[in-house]
Amino acid sequence: TQLLEQSPQFLSIQEGENLTVYCNSSSVFSSLQWYRQEPGEGPVLLVTVVTGGEVKKLKRLTFQFGDARKDSSLHITAAQTGDTGLYLCAGAWDTGRRALTFGSGTRLQVQP
Amino acid sequence: NAGVTQTPKFRVLKTGQSMTLLCAQDMNHEYMYWYRQDPGMGLRLIHYSVGEGTTAKGEVPDGYNVSRLKKQNFLLGLESAAPSQTSVYFCASSGQGVYGYTFGSGTRLTVV
């Protein structure tokens with residue numbers, strides 16, 4: 001069973017601060033995705049990364065895929081209260097099974 | 001532009017009762033999934049389907065059954081509900097060559 005570990009589990013910061021969330025595995029991913037989930041809703045896809053070393057930017061969010069494709073990070077610059085939510089990473093491995101395995105998530109609270 | 005629709009949104013069951021959760025998608029996606037989300041444990045895969053008429057077990061399939069008689073629908077059944085099945089259930093779908101999932105808004109199930 002492939003496992004995904006996310007850190008930190010909880011993060012409470014002030015508006016305007018920067019933060020980084022990490023996602024790690026001992027296995028090589030074929031692709032990795034980041035989702036954001038708000039209370040009472042399903043997760044919403046933010047980004048997919050597939051190439052080792054890949055960096056993608058989505059406004060104030062920067063996603064990085066490790067060179068060895070075993071880890072990923074999400075960096076938020078100048079956090080806003082609207083960034084509050086649960087951030088989930090999800091990985092796919094080359095096992096022929098298409099379903100994703102999710103990390104346990106990082107709960108982010110941005111204080112005004 | 002409905003995406004993935006789950007019904008019902010909330011349900012309370014007594015131990016031993018049965019019920020069916022319905023998931024419907026209007027995006028002509030091949031793949032559909034059922035996950036459960038519990039505090040501190042992220043999303044865990046129950047069952048999934050790679051096409052009409054086919055289903056497969058995920059990480060936590062015990063106590064659940066599924067059917068995919070039509071491409072757009074994926075049903076999750078609980079034959080004899082147990083308190084351990086109290087959770088939030090999410091359905092998701094994805095298309096051929098599309099990495100990301102589209103999630104429904106979830107069903108909150110309480111078994112007493």
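Roughly how many debye, to the nearest 20, is the charge dipole of segment B:1-71 about its Cα centre, given +1 on each Lys and Arg Cβ, -1 on each Asp and Glu Cβ, and no other charges? Numbers along the way, then the final one.
On the way: 9 positive and 6 negative charges, 48 e Å.
For segment B:1-71, the charge dipole is close to 240 debye.
Residues of segment B:1-43 that become at least 20 Å² less accessible with every protein chain present than in their own chain isolated, using 1.4 Å: which are they? Flagged in segment B:1-43: B:Y31, B:Y33, B:Y35, B:Q37, B:G40, B:G42, B:L43.
Per-residue accessible area (protein heavy atoms, 1.4 Å probe) orders B:M41, B:M19 as B:M41, B:M19, starting from the largest.
Can you tell me how chain A classifies by the Cα gyration tensor, rounded, prolate or oblate, using a/c under 1.5 as the rounded cut?
prolate
Can you find, among A:L46, B:G104, A:A79, the residue sitting farthest towards the positive end of the charge dipole of the protein assembly as shown, where Lys and Arg contribute +1 and Asp and Glu -1 at Cβ? About the Cα centre, the residue reaching furthest to the positive side is B:G104. Given their separation in residues at 0.36 nm each and the Cα-Cα distance between them, A:T62 and A:V28 gain 10.1 nm when the chain is fully extended. Which shape class applies to chain B: rounded if a/c is under 1.5, otherwise prolate when a/b exceeds b/c and oblate if not, where a ≥ b ≥ c are the square roots of the Cα gyration tensor eigenvalues? It is prolate, given that a/c is not under 1.5 and a/b is the larger ratio. Of A:W93, B:W34, the residue with the largest accessible area leads and the full order is A:W93, B:W34 (1.4 Å probe).
Would you work out what percent of the accessible area of chain B, with all protein chains in place, is carbon or sulfur (probe 1.4 Å)?
Numbers: 2780 of 5290 Å².
Heavy-atom surface of chain B belonging to carbon and sulfur, 1.4 Å probe: 53 percent.
As a test, work out the antiparallel percent of DSSP beta bridges whose residues both lie in chain B, rounded to the nearest 5. Please list the in-between numbers first.
Numbers: 36 of 40 bridges.
The antiparallel fraction comes to roughly 90 percent.
Per-residue SASA remark: B:I46, around 0 Å² accessible (1.4 Å probe; ligands, DNA and RNA not included).
Restricting attention to chain A, close to 90% of DSSP beta bridges with both partner residues there are antiparallel. With the whole protein complex present, B:Y101 retains an accessible surface near 10 Å², based on a 1.4 Å probe. Listed by chain and number, the lysines whose C-alpha is less than 28 Å from the C-alpha of B:K9, apart from same-chain residues fewer than 8 away, are B:K57, B:K70, B:K71.
Evaluate peptide A:43-56: per residue, the Cβ atoms of other protein chains within 10 Å of its Cβ; return the mean as an integer. Each step should come with its number before you reach the end.
Details: counts 10, 4, 8, 1, 2, 3, 1, 1, 0, 0, 0, 0, 0, 0.
Average per residue, whole number: 2.
To check you understand DSSP bridge types, tell me what percent of the beta bridges within the protein assembly as shown (both residues inside) are antiparallel, rounded to 5. So the antiparallel bridges in the protein assembly as shown amount to around 90 percent.
Can you give me the accessible area per residue for the protein assembly as shown, using a 1.4 Å probe, in Å²? Could the numbers behind the result be given before it?
Working: 10710 Å² over 224 residues.
In whole numbers, the protein assembly as shown has 48 Å² accessible per residue.
One decimal place: the segment B:F10-B:D26 gains 3.6 nm when fully extended, by the rule 0.36 nm per residue minus the C-alpha distance.
For chain A, give the percent of accessible area contributed by carbon and sulfur heavy atoms, probe 1.4 Å, rounded to a whole number. Before the final figure, lay out the partial values.
Numbers: 2560 of 5430 Å².
Summing carbon and sulfur atoms, their accessible area is 47 percent of the total for chain A.
With only Lys, Arg, Asp and Glu charged, each at its Cβ (+1 for the first two, -1 for the last two), find how big the charge dipole of the protein assembly as shown is about the Cα centre; round to the nearest 20 debye. Let's see the in-between values first.
Working: 20 positive and 17 negative charges, 78 e Å.
Dipole of the protein assembly as shown, to the nearest 20 debye: 380 debye.
On a 1.4 Å probe surface of the protein chains, which of B:K71, A:K56 comes out largest in accessible area, and what is the full order? Intermediate results must be reported in sequence, preceding the final value.
Values: B:K71 45, A:K56 75 Å².
Accessible-area ranking of B:K71, A:K56, largest first: A:K56, B:K71.
What does the buried accessible surface come to for A and B, summed over both chains, with the probe at 1.4 Å? Round to 100 Å². For A against B, buried area totals roughly 1600 Å². In terms of its C-alpha gyration tensor, the protein assembly as shown has a prolate overall shape, because the principal axis ratio a/c (a ≥ b ≥ c, square roots of the eigenvalues) is not below 1.5 and a/b outweighs b/c.
The values are calculated or read from the model by the stated rules, or taken from the named source; none is laboratory data. These figures come from a predicted structure and were not determined experimentally. All Cβ positions, even for glycine, are placed from backbone atoms using ideal geometry, and neighbour counts span all protein chains on display. Just the protein is used for accessible areas: all its heavy atoms, side chains included, with ligands, DNA and RNA removed. Shrake-Rupley method; radii C 1.70, N 1.55, O 1.52, S 1.80 Å.
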